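Student: Have a look at this one before I ask anything.
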Amino acid sequence: MLLSKFQYHRPANLAAAHEMIAAYGSDATVYAGGTELLLAMKARVLRYEHLIDLKHIAALNELRREDGWIAVGPLVTHHRLATDDIIRRLVPSYAALSDNIANIRVRVAGTLGGNLCFAEPHADPPALLAAMGATVTLSGPNGGRSVPAGDFIEGEFTTVRADDELMTEIRIPITKPGDRYSYKSFGHLERPAVGVAGGHLRRDGKSEYRIWIGAISDRPLHMNMVEDELAGVPPGEIMDVLRQVTEKAASELPAHDDLHGGADYKRHLAAVLMRRAILEAAGAAGDFPNG
Ligand SMILES: Cc1cc2nc3c(=O)[nH]c(=O)nc-3n(C[C@H](O)[C@H](O)[C@H](O)COP(=O)(O)OP(=O)(O)OC[C@H]3O[C@@H](n4cnc5c(N)ncnc54)[C@H](O)[C@@H]3O)c2cc1C
């Protein structure tokens, strides 16, 4: 189906974009790579009179190292995140995730900001960003605010972003020496049926774990219970508890049947992927074959 008519706007800076959002209200939306938005508009699921193209706002396309963080503009594409030297060296698990998103056509056009703001549940970035302690920055007519990545998505296609706010930055903590993250996903369609981010951190000589699950629910899920059970368990002893803890946690997940698989199948995937992600992050993957 063809796109219905709309007016195209090309603000050169953030202030101009905010002025347009204020002027056109709910008749307008912003777009970045268009990979989600234009499909939804062609399918007549969404309809707007005004499209505000963010791509000419250079500040939203920056990627730079800061003290302890990497500041990523929302327009930065998955392909750039997969191949950029700063990302590959300082947050290698995030580069690996980006390299596995969709296909090359989507990766070169689709942006991280668009992925997060659209909040389609079968997405890869949110779980790993949450596990890593990333934050997103939103700018509105009355100033900016920072939101933890784990709190940004509220449900299917719903985030805490207000209609007049724009995402202006994603801040990813540089992985500390001795810490490691791993992201494991599986699905038979284009997007993941389930994706699990696992982290192993050394704090005061003790092991801490981070575990978030994406795609299985309408928002990324923080597996505090698994983290608590594993806290202090060194990688060499993790096999003693890992299977039991992950199976119990997975059995309670709020999965549902859909095109990506049945609820029980997704819970099974979650348990297996949790083990694989945690073991890889802890550097113990070789000790525990067959997940
Ligand atoms: C075939 C296909 C396969 C895919 N497979 C995967 C996959 O395996 N894993 C995965 O994670 N994702 C997958 N995706 C999703 C893909 O990652 C997203 O389509 C892409 O990242 C969206 O970015 P965009 O720049 O195209 O967003 P757009 O389509 O331009 O925008 C999406 C939404 O975000 C809003 N928006 C964009 N930027 C901002 C901003 N700065 N501030 C506020 N709102 C903003 C827009 O208004 C719109 O509502 C797939 C998509 C397709 C089409």
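The values are calculated or read from the model by the stated rules, or taken from the named source; none is laboratory data. What you see is a predicted model, and the numbers here were worked out from it, not measured in a lab. Cβ coordinates were reconstructed from backbone atoms using ideal geometry, including for glycine residues, and neighbour counts include every protein chain displayed. Side chains are part of the model used for accessible areas, which takes the heavy atoms of the whole protein and leaves out ligands, DNA and RNA. Shrake-Rupley method; radii C 1.70, N 1.55, O 1.52, S 1.80 Å.
Student: With θ set to phi - 60°, apply the Karplus curve 6.51 cos²θ - 1.76 cosθ + 1.60 along the range 6-23 and write out the HN-Hα couplings as whole Hz, x wherever there is a Gly or Pro.
Tutor: Values per residue, Gly and Pro as x: 8, 9, 9, 10, 10, x, 9, 8, 5, 4, 5, 4, 5, 4, 5, 4, 5, 6 Hz.
Student: Another one. For the chain, what relative contact order do you get, as a whole percent, if you take Cα pairs closer than 8 Å and at least 6 residues apart?
Tutor: Worked out over the chain, it gives 14 percent.
Student: So with the 1.4 Å probe, I'd like the accessible area per residue for the chain, rounded to whole Å². Show your work: numbers first, answer last.
Tutor: Working: 13810 Å² over 291 residues.
Solvent-accessible surface per residue comes out at 47 Å².
Student: 222 nm [θ] for the chain, helices only, -39500 (n - 2.57) per DSSP H run of 4+, per residue, to 500?
Tutor: Per the formula, -9500 deg cm²/dmol.
Student: Which one, Arg145, Arg219, Arg161, has the greatest fluctuation when you compute a Gaussian network model over the chain with C-alpha springs under 10 angstrom?
Tutor: Arg145
Student: How high is the relative contact order of the range 97-163, in percent, with contacts defined as C-alpha pairs under 8 Å that are six or more residues apart?
Tutor: 29 percent
Student: Among all the lysines, which ones have a C-alpha under 19 Å from Lys266's C-alpha, if same-chain residues fewer than 8 places away are not counted?
Tutor: Partners found: Lys184, Lys248.
Student: Could you pull out every residue, at least 5 positions away or on a different chain, whose amide H is within less than 5 Å of the one on Glu154? Hs are placed 1.01 Å off N in the peptide plane, and Pro or chain starts have none.
Tutor: For Glu154, whose amide H was placed from the backbone, the distant partners under 5 Å are Thr159, Val160.
Student: Net charge within 13 Å of Trp212 by Cβ-Cβ distance, Lys/Arg positive one each and Asp/Glu negative one each, not counting Trp212 itself?
Tutor: Numbers: positive: Lys184, Arg210, Arg219; negative: Asp124, Asp151, Glu227.
Result for the neighbourhood of Trp212: 0.
Student: Counting only DSSP beta bridges with both residues in the range 21-153, tell me the antiparallel percent, nearest 5.
Tutor: Roughly 70 percent of the beta bridges in the range 21-153 run antiparallel, per DSSP.
Student: Counting only protein heavy atoms and using a 1.4 Å probe, what share of the accessible area of the range 111-189 belongs to carbon plus sulfur, as a whole percent?
Tutor: 48 percent
Student: Identify which of Arg267, Arg88, Arg210 has the largest mean-square fluctuation in a Gaussian network model of the chain, with springs joining Cα atoms closer than 10 Å.
Tutor: Arg88
Student: Let me ask something else about it. Quick one: putting +1 on the C-beta of Lys and Arg, -1 on the C-beta of Asp and Glu, what dipole do you get for the chain around its Cα centre, in Debye to the nearest 20?
Tutor: Once rounded to the nearest 20, the dipole reads 720 debye.
Student: Hey, which lysines would be in cross-link range of Lys5, C-alpha to C-alpha under 29 Å, not counting anything within fewer than 8 residues on its own chain?
Tutor: Partners found: Lys42, Lys55.
Student: In debye, nearest 20: dipole of the range 79-179 around its Cα centre with unit charges on the Cβ of K, R (+) and D, E (-)?
Tutor: 420 debye
Student: If you count only protein heavy atoms and use a 1.4 Å probe, how large is the accessible surface of Ile153, to the nearest 10 Å²?
Tutor: 20 Å²
Student: Give, rounded to the nearest 20 debye, the magnitude of the charge dipole that the range 43-99 has about its Cα centre when Lys and Arg contribute +1 at Cβ and Asp and Glu contribute -1 at Cβ.
Tutor: 180 debye
Student: Mind pulling the angle between the C-alpha long axis of helix 239-251 and the longest principal axis of the chain? Nearest 10 degrees, somewhere in 0 to 90.
Tutor: Helix 239-251 sits roughly 50 degrees off the main axis of the chain.
Student: OK, next. Gaussian network model of the chain, Cα springs within a sub-10 Å range: biggest mean-square fluctuation belongs to which of Asp99, Asp257, Asp67?
Tutor: Asp67
Student: Mind listing the phi-derived Karplus ³J(HN,Hα) values for the range 158-168, rounded to whole Hz, using 6.51, -1.76 and 1.60 with θ = phi - 60°, and x for any glycine or proline?
Tutor: Residue by residue, the range 158-168 yields 9, 10, 7, 5, 7, 4, 9, 9, 10, 7, 10 Hz.
Student: What's the angle, to the nearest 10 degrees (0 to 90), between helix 263-281's Cα axis and the longest principal axis of the chain?
Tutor: Tilt relative to the chain: about 70 degrees.
Student: What net charge is computed for the residues neighbouring Phe157, neighbours being all others with C-beta under 13 Å from the C-beta of Phe157, Lys and Arg scored +1, Asp and Glu -1? Don't skip to the end; give the middle numbers.
Tutor: Details: positive: Arg161, Arg219; negative: Glu36, Glu120, Glu154, Glu156, Asp218.
Neighbour charge sum, excluding Phe157 itself: -3.
Student: Right, another one. If you scale each eigenvalue of the Cα gyration tensor by 5 and take the root, what three semi-axes come out for the chain, rounded to whole angstrom and sorted largest first?
Tutor: Taking √(5λ) for each eigenvalue gives 35, 21, 16 Å, largest first.
Student: Given a cut-off of under 8 Å on Cα pairs at least six residues apart, what relative contact order in percent is computed for the range 114-241?
Tutor: That works out to 25 percent.
Student: Decide, for the range 133-291, between rounded, prolate and oblate: order the square roots of the alpha carbon gyration tensor eigenvalues as a ≥ b ≥ c, take rounded if a/c falls under 1.5, and otherwise choose prolate if a/b is larger than b/c, else oblate.
Tutor: Oblate.
Student: While we're looking at this one, here's another question. Just to verify a number: FRET efficiency for Lys206 and Asp67, C-beta to C-beta distance, R0 = 25 Å, to 0.05?
Tutor: Numbers: r = 26 Å, r/R0 = 1.02.
For R0 = 25 Å, the calculated efficiency reads 0.45.
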